[in-house]
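> This is the structure, below, for whatever I ask next.
The values are calculated or read from the model by the stated rules, or taken from the named source; none is laboratory data. It should be emphasised that the depicted structure is a prediction, and the values quoted were computed from it without experimental measurement. Glycine also receives a Cβ, built like all others from the backbone with ideal geometry; neighbour counts cover every protein chain displayed. Ligands, DNA and RNA are excluded from the accessible area calculation, which covers all protein heavy atoms including side chains. Shrake-Rupley method; radii C 1.70, N 1.55, O 1.52, S 1.80 Å.
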Amino acid sequence: MKEFKILALDGGGLKGLFTAKLLADLETHLGVKIADHFDLITGTSTGAIIAIALGLRVPTSEILRFYREKGPQIFDAPSMGVLKAKYSADPLKKALTEVFGERTLGESRTALVIPAFNIQRREVKLFKTRHSSRLLKDCKMRAVDVAMASAAAPTYLPSFVDDSMIQYVDGGVWANNPAMVGVVEAMSVLGAERSSISVLSIGTTKEVVRMDAVKQDGGIAAWALKASDVFIGADSSGTHAMVELLLRDHPDEDASRYVRINPEVAAGEFKLDRVSDQLIALGAREAEHASRNLRRRFFESKAPAFEPIPFPQSETLAA
């Protein structure tokens, strides 16, 4: 049975620096190109930026440099963040355009699934490459716009409005850990057998969040500063548990074809709007520790070349 390998990348703002360093060092340690070894890559928010970059074959060293050099510019000159988003979206759009240019999602050389959320209709949105004949429009979108839609973190960045006036916010509001998104896409759209699927899931660190202030009867004031962390953490934890169970060959055994790298850190140690040298060091450490196991699981063979479904001659790209 042909194996099907998925790379899933969490959201987390500039904590994506951890992901970028981890992937760059894995390439160095293993002598591989990460994107060549996965059949599908899915990423949310900052994970979407990295996923799209990998699909377009942006070198991991350049992705790492993007976070280190552009990060302080993207999250600069904050507003009060009460009645409007804390930061302007312009620096992020400018930085992404420098990397992606005018390339489209359809130019990805790996199948991609990028979560966002349609805030007007309260519906989930998955931006996809043309890996199914039913997918007609997303592949025409600029890679920059897809990344902006998935990374529009509420309170930090304004929502993203596309050419059809659809308003999107960060996919992290429902799929900050997109591992299950990848598994469902593999099984339902790409026809992969459950027993053939392996997932490498990379987080952006897991905070030990103290909830002392939120008592049994806590109200708005008690929950205000904790709700986002709790909800995103709960979503990620639930995804982790479901994917781990789904990819076990035997329900009563511990072995799973799901590998999750998401080191636990102290609350407040890293911020999603701040670059940290310690985060880079953590990514380097995790890459060194994980490289041997990951080679055996994911990097001994390359994935087949991705071939987007061609449009019928009678069908124009404007469809």
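> At a 1.4 Å probe radius, carbon and sulfur cover how many percent of the accessible area of the chain?
Details: 8230 of 15650 Å².
Result for the chain: 53 percent of the exposed heavy-atom area is carbon or sulfur.
> Restricting to Cα pairs below 8 Å that are 6+ residues apart, what does the relative contact order work out to for the chain? Please round to a whole percent. Before the final figure, lay out the partial values.
Details: 620 pairs, mean separation 87.6, N = 319.
Answer for the chain is 27 percent.
> Same structure, new question: Starting from the Cα gyration tensor of the range 74-143, take the square roots of the eigenvalues, sort them a ≥ b ≥ c, and report rounded, prolate or oblate (rounded when a/c is under 1.5, otherwise prolate if a/b is larger than b/c, else oblate).
Working: a/c = 3.60, a/b = 1.57, b/c = 2.29.
Oblate shape, in that a/c is at least 1.5 and b/c is the bigger or equal ratio.
> Checking the cross-link filter: which lysines have an alpha carbon closer than 22 Å to that of Lys70, excluding same-chain neighbours under 8 positions apart?
Lys15, Lys21, Lys86, Lys93, Lys94, Lys271
> What are the lysines whose alpha-carbon lies under 17 Å from the alpha-carbon of Lys302, with same-chain residues fewer than 8 places away excluded?
Qualifying lysines at Cα under 17 Å: Lys2, Lys5, Lys33.
> Per-residue ellipticity at 222 nm for the chain, helices alone: DSSP H runs ≥ 4 residues times -39500 (n - 2.57), over residue total, nearest 500 deg cm²/dmol? Present the calculation step by step, with values, prior to reporting the outcome.
Values: 11 runs with 114 residues, N = 319.
After summing the helix terms and dividing by the residues of the chain, the value is -10500 deg cm²/dmol.
> Can you give me the Cα centroid spacing of the range 54-79 and the range 152-196 in angstrom?
After rounding, the separation between the Cα centres reads 21 Å.
> Select from Leu26, Leu136, Leu40 the residue whose mean-square fluctuation is largest in a Gaussian network model of the chain (Cα-Cα springs shorter than 10 Å).
Leu136
> Roll a 1.4 Å probe over the protein chains and send me the accessible area per residue for the range 35-98 in Å².
On the way: 2710 Å² over 64 residues.
On a per-residue basis, the range 35-98 sits at 42 Å².
> Right, another one. Nearest 5 is fine: what % of DSSP beta bridges in the chain come out antiparallel, could you say?
40 percent
> If you don't mind, there's one more thing I want to ask. What ranking do 108-116, 64-72, 299-307 get when scored by the average of other Cβ atoms within 10 Å per residue, highest first? Write out the running numbers ahead of the final one.
Values: 108-116: 26.8, 64-72: 18.3, 299-307: 13.1.
Per-residue mean Cβ counts within 10 Å order the peptides as 108-116, 64-72, 299-307.
> Same structure again: Provide the packing ranking of 30-37, 291-298, 145-152, i.e. peptides ordered by the mean count of other C-beta atoms within 10 Å per residue, highest first.
145-152, 30-37, 291-298
> On to the next question. For the chain, which semi-axes, largest first and in whole Å, follow from the square roots of 5 times the eigenvalues of its Cα gyration tensor?
Computed over the chain, the values are 28, 25, 20 Å.
> Based on DSSP H assignment, which helices of the chain show an axial Cα extent of at least 18 Å together with a mean Kyte-Doolittle hydropathy greater than or equal to -0.5?
Working: long enough: 16-30 (21 Å, 0.63); 227-246 (28 Å, 0.65); 277-298 (30 Å, -0.84).
Flagged H segments are 16-30, 227-246.
> If you don't mind, another one. In terms of the Cα gyration tensor, with a ≥ b ≥ c the square roots of its eigenvalues, is the range 1-50 rounded because a/c is under 1.5, prolate because a/b exceeds b/c, or oblate?
oblate
> Here's another thing I want to ask about it. For the range 3-108, what does the alpha-carbon gyration tensor say about shape, rounded, prolate or oblate, given a ≥ b ≥ c as the root eigenvalues, a/c under 1.5 as rounded, and a/b over b/c as prolate?
The shape class here is prolate.
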